[in-house]
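Student: There's a structure below that I have some questions on.
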Amino acid sequence: MFKTYILILQRDLTLALRHKTEVLTTIFFFIIVISLFPLGVGIDKELLQKIAPGVAWIAALLASMLALERLFSSDYEDGTLEQMLLSPQPLFVIVLAKVSAHWLLTGLPLVLISPLVGLQYHLDFDRVIMMMLALLIGTPILSLLGAIGAALTLGLRGGGVLISLLLLPLYIPVLIYGAGVVVDSALFNNNTETYLSLLMGFLILSLVLSPWATAAALRIASE
Amino acid sequence: MRINWFKYAAPANFYPIAGALAPWFIALAGVLAIIGLYWGFFQTPDILTDQKQYYRIIFVHVASAWMGMWLYAMLVLWALIGIIFNTRLSYMFAAAIAPTGAMFTFLSLWTGAFWGEPSWGTWWDWDPRMTSMLILLFLYIGYMALQSAIDDPRRSDKASSVLAMVGLVMVPVIYWSVNCPNPAECAALHQSSSMEQIDPNIRNAMFIMVASFWIYSFGVIMLRIRNIILEREKQTRWVQELKECQ
Amino acid sequence: MTLQAHQLSCIQGDRILFEELDFSVKAGELLLIEGQNGCGKTTLLKTLATIRQIDAGKILWNNQSITKLSDDYRDQLTWLGHLNGIKLDLTAAENLKISCTLNGLSVSDLAVMEALEEMGLYGYEDLPVRVLSQGQKRRTALAYLLLSQTLIWILDEPFVALDVKAVKLLQKVITKHVEQGGIVILTTHQEVGLDTGRIQRLRLTR
Amino acid sequence: MGSLPSMGDYGFYIGASYGLALLFMLLEPWLLGRKKRSVIKNVQRFVRINKNRHD
């Protein structure tokens, strides 16, 4: 079981690293989106500090959605997905491996460059730490729920737009509690831990829900 | 090309039943609506302690909001039945419910805005319940978008059922995160329902309106399911021998 | 070791592809499924390979329903569809290694090289499959058959895009598998060239 | 009481709400009727195709 997880994870990472550009597009998209807001909203210091968490989270959400469409589509087109469905290994392990690969390629880089948000939006040090922590817990949720959307819309025309239509309502709790962590730590009241625990709880719920739903959707899509 | 298994013959048997029931349901809904409105407008005080005449929007606002939520629950139920028993008719029910549910949710948002303007002074103020209804509308739209994006009815039924199941798990979480964004003061969730204190006349009129909307929904869903059956079974002999198709 | 289908029916959209199909395949037998295009051959194969859900009827492997067996049945199964099931960016050797590990086989690099060599891909092992020709890609996919120790092979038109030499090679591989007590279910428009006379033909009429 | 209900100066809001509700609840059955006619026309096309094919 674990061997398959590592195998698929390695395979996806080698595949992605053979096309470095795809990995960088997600990160640059994130940077561009967070740099656009000050141009639109104005560069007043307090305002930027206030909207920083929301902007960072919405940018992360859109960036991870960008890379979702390719999560299963290349396997779907060349038939490897069929082989995965027919492997005796449980399908949810393979799905988890692919989601982990997607997270390592899109989620983790966002966490690592989120200090950039801190710079641009005049956030002080421990806000940035809170932001990174929230993103660290939140981005796997985005990848997990995103995998459901990617599997459901596999091989459909207009898949990109359809995925965002299906997933945005599901991303709302991550956005509310993710942004809440940073906003709360800014107000110095002490229940940032409750926000983080809520995010963790949501992560565990997605870990339980997503593999089953994605596996079911993959089987339906490749019929 | 006869389909003789029971679960495959269900659409053929259900088609005439739905045809007979639908007009009666819609007519009954109309009658109930008239009674409800009469009771709500003529038997109730014009001005309440805190609300003026505009409170009478409550009948259509609350009824459509409830319907929006109840129909989503029905949709999920039929999707679940579809997954378990793999009967095509239950998938058709789920497909038939979605547009009516979306219509009621949309209606409840607008009637909420029409009520909010005079009493709160704004058309929209991100009140948790209104936001939840907006998100419910997004869920409906996502469901219908997925269904129309897939041509093969077999896959579109199953894929939208999986989406409905995911919705079932996520709706409480979304509802909770919208209603209680700040875990410190989470009273918003425990607000007591304001049903008990209002004037019994208003409450009865509202229940009649809810009943009228329920029956209206049944009627419209029966009509839509007939269309879906005709569309999906146009190859079969029983459809081609129908008198209206000659 | 028999694979049986009882009252098997398949509905595509609102069209019935086939109704109440009954057949059974024993170890050491080859089932050839014939019929014109669009009569549901691939759908039947996909249903047998658990890629597609059964609409009506039952499929039994050793008298147990394959839906109940699911992963245990898939353990005994190798599927080759129209798509090759190999990644174009990986090399032929990498692809083969992944297919084997995915199906629970621990196989040495040497065995992989030998299988590729036997399929006439000597010297192409470490090239990204993208640069190979269509026939060579198909041979890479078929090379996995040499390594897989599963009992049931379900092949959807395996001879497509193969040159004469490759066709003969594949016929030899299939014959060896059937003689060793394997089960092969395939569809093809060419002659299977199995001389041991244990072919069962199933015609899908539409 | 049975007195005639006075709308105060909120007639617009009440009228808009009920107007919208009425509009939707009339529109939906009407649209479904139109859809049914188009679906039946489609089925009739199939009936004609099958008839020509057989005789």
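The values are calculated or read from the model by the stated rules, or taken from the named source; none is laboratory data. This is a predicted model, so every value here is computed, not measured. Quick reminder, even Gly has a Cβ in these numbers, built from the backbone with ideal geometry, and neighbours come from all protein chains shown.
Student: Is it fair to say B:SER212 is modelled with pLDDT of 85 or more, among the polar types (S, T, N, Q), within 29 Å of D:LYS36 (Cβ to Cβ) and surrounded by 23 or more Cβ atoms within 10 Å (Cβ to Cβ)?
Tutor: On the way: modelled with pLDDT of 85 or more: yes; among the polar types (S, T, N, Q): yes; within 29 Å of D:LYS36 (Cβ to Cβ): yes; surrounded by 23 or more Cβ atoms within 10 Å (Cβ to Cβ): yes.
Taking the combined requirement at face value, the residue satisfies it.
Student: Moving to a separate point now. Kindly provide the set of residues from the range B:141-159 that are more than 7 Å from chain A (Cβ to nearest Cβ) and of a type outside the set (Asp, Glu), ordered by number.
Tutor: First, pick out the residues of the range B:141-159 that are more than 7 Å from chain A (Cβ to nearest Cβ): B:143-144, B:147-148, B:151-154, B:156-157.
Of everything in the range B:141-159, those that are more than 7 Å from chain A (Cβ to nearest Cβ) and of a type outside the set (Asp, Glu) turn out to be B:TYR143, B:MET144, B:GLN147, B:SER148, B:PRO153, B:ARG154, B:SER156.
Student: Which residue pairs have Cβ atoms closer than 7 Å, lie 6 or more positions apart in sequence or on different chains, and pair a first residue in the range C:72-86 that is over 17 Å from C:PHE159 (Cα atoms) and more than 7 Å from every other protein chain (Cβ to nearest Cβ) with a second residue that is in a loop (DSSP other than H, G, I, E, B) and not hydroxyl-bearing (Ser, Thr, Tyr)?
Tutor: Here the result reads C:GLN76/C:LEU151, each pair linking the range C:72-86 to a residue that is in a loop (DSSP other than H, G, I, E, B) and not hydroxyl-bearing (Ser, Thr, Tyr).
Student: Please list, ordered by first then second residue, the pairs with beta carbon atoms under 8 Å, 6 or more apart or interchain, first in the range C:183-195 and part of a loop (DSSP other than H, G, I, E, B), second among the acidic types (Asp, Glu) and modelled with pLDDT of 75 or more.
Tutor: Within 8 Å, the pairs are C:THR188/C:GLU157; C:HIS189/C:GLU157.
Student: Scan B:VAL162, B:VAL169, B:VAL173 and give me the residue that is modelled with pLDDT under 90, facing chain A (nearest Cβ under 7 Å) and under 30 Å from A:LEU196 (Cα atoms). Please lay out each step first, then the result.
Tutor: Values: B:VAL162 fails: modelled with pLDDT under 90; B:VAL169 fails: modelled with pLDDT under 90.
Unique residue meeting the criteria: B:VAL173.
Student: Pull up the range C:1-30, narrow it to residues that are away from chain B (no Cβ under 14 Å) and more than 20 Å from C:THR67 (Cβ to Cβ), then point me to the one that is surrounded by the most Cβ atoms within 10 Å (Cβ to Cβ).
Tutor: Per the criteria, the residue is C:LEU30.
Student: Also, quick follow-up: Any idea how many residues of chain D are within 30 Å of B:TYR38 (Cβ to Cβ) and assigned to a helix (DSSP H, G or I)? Walk me through it before giving the result.
Tutor: Initially, chain D is screened for residues within 30 Å of B:TYR38 (Cβ to Cβ), giving D:1-33.
Right, trim to assigned to a helix (DSSP H, G or I) and you get D:8-33.
So the count comes out to 26.
Student: With respect to the numbered conditions (1) surrounded by fewer than 23 Cβ atoms within 10 Å (Cβ to Cβ); (2) at the interface with chain D (Cβ under 8 Å from one of its Cβ atoms), which one is the sole condition not fulfilled by B:LEU223?
Tutor: Among (1) surrounded by fewer than 23 Cβ atoms within 10 Å (Cβ to Cβ); (2) at the interface with chain D (Cβ under 8 Å from one of its Cβ atoms), the lone unmet condition for B:LEU223 is (1).
Student: Now, a different point. Do you know which residues across the range A:134-154 are buried (at least 19 other Cβ atoms within 10 Å of the Cβ) and closer than 20 Å to A:ALA52 by Cα? Lay out the reasoning, then the answer.
Tutor: Kept after step one, since they are buried (at least 19 other Cβ atoms within 10 Å of the Cβ), are these residues of the range A:134-154: A:134-135, A:137-154.
Those that are buried (at least 19 other Cβ atoms within 10 Å of the Cβ) and closer than 20 Å to A:ALA52 by Cα: A:ALA134, A:LEU135, A:ILE137, A:GLY138, A:THR139, A:LEU142.
Student: Further question on the same structure: Tell me, please, whether a residue that is more than 30 Å from B:ALA149 (Cα to Cα), within 11 Å of the chain's Cα centre (by Cα) and more than 14 Å from chain C (Cβ to nearest Cβ) can be found in the range A:124-135.
Tutor: Step one: of the range A:124-135, the residues more than 30 Å from B:ALA149 (Cα to Cα) are A:124-135.
Next, from what is left, pick out any that are within 11 Å of the chain's Cα centre (by Cα): A:135.
Cutting the leftovers down to more than 14 Å from chain C (Cβ to nearest Cβ) gives us A:135.
Yes - at least one qualifying residue is present in the range A:124-135.
Student: Now for a separate question. If I filter the range A:188-221 down to residues being at the interface with chain B (Cβ under 10 Å from one of its Cβ atoms) and outside any helix (DSSP H, G or I), which single residue comes out as surrounded by the most Cβ atoms within 10 Å (Cβ to Cβ)?
Tutor: Among those residues, the one meeting the criterion is A:ASN191.
Student: Determine if the range B:221-236 includes at least one residue that is of a type in the set (Lys, Arg) and assigned to a loop (DSSP other than H, G, I, E, B).
Tutor: Checking the range B:221-236: at least one residue is of a type in the set (Lys, Arg) and assigned to a loop (DSSP other than H, G, I, E, B).
Student: Tell me yes or no: at least one residue of the range B:75-83 is facing chain D (nearest Cβ under 9 Å) and in contact (Cβ under 8 Å) with a residue 40 or more places away in the chain. Outline the logic, then answer.
Tutor: The initial filter retains those residues of the range B:75-83 that are facing chain D (nearest Cβ under 9 Å), namely none.
No, there is no match, as no residue in the range B:75-83 is facing chain D (nearest Cβ under 9 Å) and in contact (Cβ under 8 Å) with a residue 40 or more places away in the chain.
Student: Can you tell me which residue among A:ALA59, A:ALA67 is more than 8 Å from chain C (Cβ to nearest Cβ) and modelled with pLDDT of 90 or more?
Tutor: On the way: A:ALA67 fails: modelled with pLDDT of 90 or more.
Going through A:ALA59, A:ALA67 in turn, just one is more than 8 Å from chain C (Cβ to nearest Cβ) and modelled with pLDDT of 90 or more: A:ALA59.
Student: If A:ILE94 passes every condition in (1) within 14 Å of chain C (Cβ to nearest Cβ); (2) in contact with a Lys or Arg (Cβ under 7 Å, 6 or more places away or on another chain) but one, which one does it miss?
Tutor: Checking A:ILE94 against (1) within 14 Å of chain C (Cβ to nearest Cβ); (2) in contact with a Lys or Arg (Cβ under 7 Å, 6 or more places away or on another chain), the one that fails is (2).
Student: Then there is this: Might you check whether a residue that is touching a Lys or Arg at 6+ places or on another chain (Cβ under 8 Å) and more than 24 Å from A:LEU47 (Cβ to Cβ) occurs anywhere in the range A:122-138?
Tutor: For the range A:122-138, residues touching a Lys or Arg at 6+ places or on another chain (Cβ under 8 Å) and more than 24 Å from A:LEU47 (Cβ to Cβ): absent.
Student: Restricting to the range B:94-129, and then to whatever is hydrophobic (A, V, I, L, M, F, W, C), facing another protein chain (nearest Cβ under 9 Å) and touching a residue at least 24 places away in the same chain (Cβ under 8 Å), can you tell me which residue is surrounded by the most Cβ atoms within 10 Å (Cβ to Cβ)?
Tutor: Per the criteria, the residue is B:PHE104.
Student: Look through the range D:14-40, keep the residues that are of a type in the set (Gly, Ala, Ser) and facing chain B (nearest Cβ under 7 Å), and return whichever of them is nearest to B:LEU223 (Cα to Cα).
Tutor: Going residue by residue through the range D:14-40, those that are of a type in the set (Gly, Ala, Ser) are D:15-17, D:19, D:21, D:33, D:38.
Okay, now just the ones that are also facing chain B (nearest Cβ under 7 Å), so D:16-17, D:21.
Values: D:ALA16: 27, D:SER17: 25, D:ALA21: 19 Å.
It comes out as D:ALA21.
Student: If you don't mind, another one. Go through (1) touching a residue at least 24 places away in the same chain (Cβ under 8 Å); (2) within 30 Å of C:GLN53 (Cβ to Cβ) for A:LEU165 and report which single condition fails.
Tutor: Only one criterion in (1) touching a residue at least 24 places away in the same chain (Cβ under 8 Å); (2) within 30 Å of C:GLN53 (Cβ to Cβ) is unmet by A:LEU165, namely (1).
Student: Here are the criteria: (1) in contact with a Ser or Thr (Cβ under 8 Å, 6 or more places away or on another chain); (2) in a loop (DSSP other than H, G, I, E, B). Tell me which single one B:ASP151 does not satisfy.
Tutor: Tallying (1) in contact with a Ser or Thr (Cβ under 8 Å, 6 or more places away or on another chain); (2) in a loop (DSSP other than H, G, I, E, B), B:ASP151 fails exactly one: (1).
Student: Suppose the filter is closer than 30 Å to B:ARG237 by Cα, touching a strand residue (DSSP E or B) at 6+ places or on another chain (Cβ under 8 Å), modelled with pLDDT of 85 or more and among the charged types (D, E, K, R); does C:LYS41 pass it? Please lay out each step first, then the result.
Tutor: Working: closer than 30 Å to B:ARG237 by Cα: yes; touching a strand residue (DSSP E or B) at 6+ places or on another chain (Cβ under 8 Å): yes; modelled with pLDDT of 85 or more: yes; among the charged types (D, E, K, R): yes.
Spelling it out, C:LYS41 is indeed closer than 30 Å to B:ARG237 by Cα, touching a strand residue (DSSP E or B) at 6+ places or on another chain (Cβ under 8 Å), modelled with pLDDT of 85 or more and among the charged types (D, E, K, R).
Student: While we're here: For the range B:126-147, check the following and say yes or no: at least one residue is under 21 Å from C:ILE11 (Cα atoms) and assigned to a helix (DSSP H, G or I).
Tutor: Step one: of the range B:126-147, the residues under 21 Å from C:ILE11 (Cα atoms) are B:147.
Still in the running and assigned to a helix (DSSP H, G or I): B:147.
Scanning the range B:126-147 turns up at least one residue that is under 21 Å from C:ILE11 (Cα atoms) and assigned to a helix (DSSP H, G or I).
Student: Does the range D:41-55 include one or more residues that are more than 8 Å from chain B (Cβ to nearest Cβ) and within 30 Å of B:THR44 (Cβ to Cβ)?
Tutor: If we filter the range D:41-55 for residues that are more than 8 Å from chain B (Cβ to nearest Cβ), which is where we start, we get D:41, D:45, D:48-49, D:51-55.
Adding the requirement that they be within 30 Å of B:THR44 (Cβ to Cβ) leaves none.
No, the conditions are met nowhere in the range D:41-55.
Student: Do we have A:LEU154 as within 14 Å of chain B (Cβ to nearest Cβ) and under 30 Å from C:TRP153 (Cβ atoms) here? Please lay out each step first, then the result.
Tutor: Working: within 14 Å of chain B (Cβ to nearest Cβ): yes; under 30 Å from C:TRP153 (Cβ atoms): yes.
For A:LEU154, the condition - within 14 Å of chain B (Cβ to nearest Cβ) and under 30 Å from C:TRP153 (Cβ atoms) - is met.
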